[in-house]
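In what follows, a single structure is set out as C-alpha cells and then discussed.
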Amino acid sequence: MNQRIGIGYDVHKLEKNANLIIGGVKIKSEYGCISHSDGDALTHAVIDAILGACGKKDIGYYFPPTDEKYKNINSLKLLEKTLNIITDFQIINIDCIVVLQSPSLSPYRERIQESLANSCKILKEKINIKFKTEEFLGFTGNMQGIKAIAICLVEKKYSQKIEILPPATP
Ligand SMILES: [Zn+2]
C-alpha cells in the first residue's frame with residue numbers, strides 16, 4: 001500500500017489593521033493576523049497535512065517559531081521547503097477548509113488554489129478549498145481568530161532500481 005493520508009490544523013489570532021494572508025494571497029480585510037510568520041493559517045495547515053501524510057512530524061519541528069530565521073517569512077517559502085523533506089512522496093490531492101466570519105473569501109478561491117498549487121508543484125485541480133463561517137459562534141464568529149483544516153493524500157514514489165534476478169537453474 002503506497003498511499004498515505006495526513007491532516008493539518010491551524011489557528012491564528014486576528015487583530016485590526018494587520019495583513020490577512022490566506023494560501024499566500026493577500027486578502028482585503030479590516031482584520032489580519034499577528035504572528036511570528038506571516039500568519040498564513042491555511043498554508044500552515046497544508047504543510048502539516050503533507051508532513052503528516054509522509055510521517056514527518058510537524059511544521060514546528062522543521063520551522064520552529066522561536067527561530068529568528070522564520071520571523072515574518074512568507075509561508076509559501078516554508079511550503080516549498082517542505083517539498084524537500086518529502087522527496088520520497090508525491091502529492092495526489094489536498095482538500096482544505098478555511099473558517100473565517102468575514103470577509104467572504106470565495107472571490108479569492110482561484111488565486112489561492114493557484115498560489116498553493118504553484119508552491120506544491122502540482123496541478124491546480126489537485127487542490128480544493130472550502131470556505132466556511134461558524135455562524136457568529138466562538139472565536140471565529142467574533143473575529144478573534146481564523147481557523148484552517150487541511151487533508152492531504154500522498155503516494156510513495158516507485159523506486160527506479162531494477163532488481164536483476166540470478167538466472168534460473170534448470
Ligand atoms: Zn500558523
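Screening segment 114-170 for residues that are touching an Asp or Glu at 6+ places or on another chain (Cβ under 7 Å) and not in a strand (DSSP E or B) and picking the one that is farthest from ILE85 (Cα to Cα) gives GLY141.
Taken over segment 43-60, the residue count meeting the criterion of being more than 12 Å from the chain's Cα centre (by Cα) and within 17 Å of VAL11 (Cα to Cα) is 1.
Looking at segment 87-101, is at least one residue more than 26 Å from LEU14 (Cβ to Cβ), aromatic (Phe, Trp, Tyr) and modelled with pLDDT of 95 or more?
yes
Just to be sure before I move on: is GLU155 touching a Ser or Thr at 6+ places or on another chain (Cβ under 7 Å) and farther than 16 Å from LEU14 by Cβ in the structure I sent?
Taking the combined requirement at face value, the residue does not satisfy it.
The set of residues from segment 101-113 being part of a loop (DSSP other than H, G, I, E, B) and in contact (Cβ under 8 Å) with a residue 40 or more places away in the chain comprises GLN101, SER102, PRO103, LEU105. The strands (runs of 3 or more DSSP E) falling completely within segment 6-72 that include 2 or more residues that are within 14 Å of the ligand (Cβ to nearest atom) map to 20-22, 31-33. Summed over segment 22-45, residues that are within 17 Å of GLN113 (Cβ to Cβ) and either in contact with a Leu (Cβ under 6 Å, 6 or more places away or on another chain) or among the hydroxyl-bearing types (Ser, Thr, Tyr) (or both) total 5. A count restricted to segment 24-69 and to residues that are touching a Ser or Thr at 6+ places or on another chain (Cβ under 7 Å) and at pLDDT below 95 stands at 2.
The values are calculated or read from the model by the stated rules, or taken from the named source; none is laboratory data. Bear in mind the structure is a predicted one, so any value in this text is a computation, not a measurement. Please note: Cβ atoms are built from the backbone with ideal geometry, for glycine as well, and neighbour counts cover all protein chains shown.
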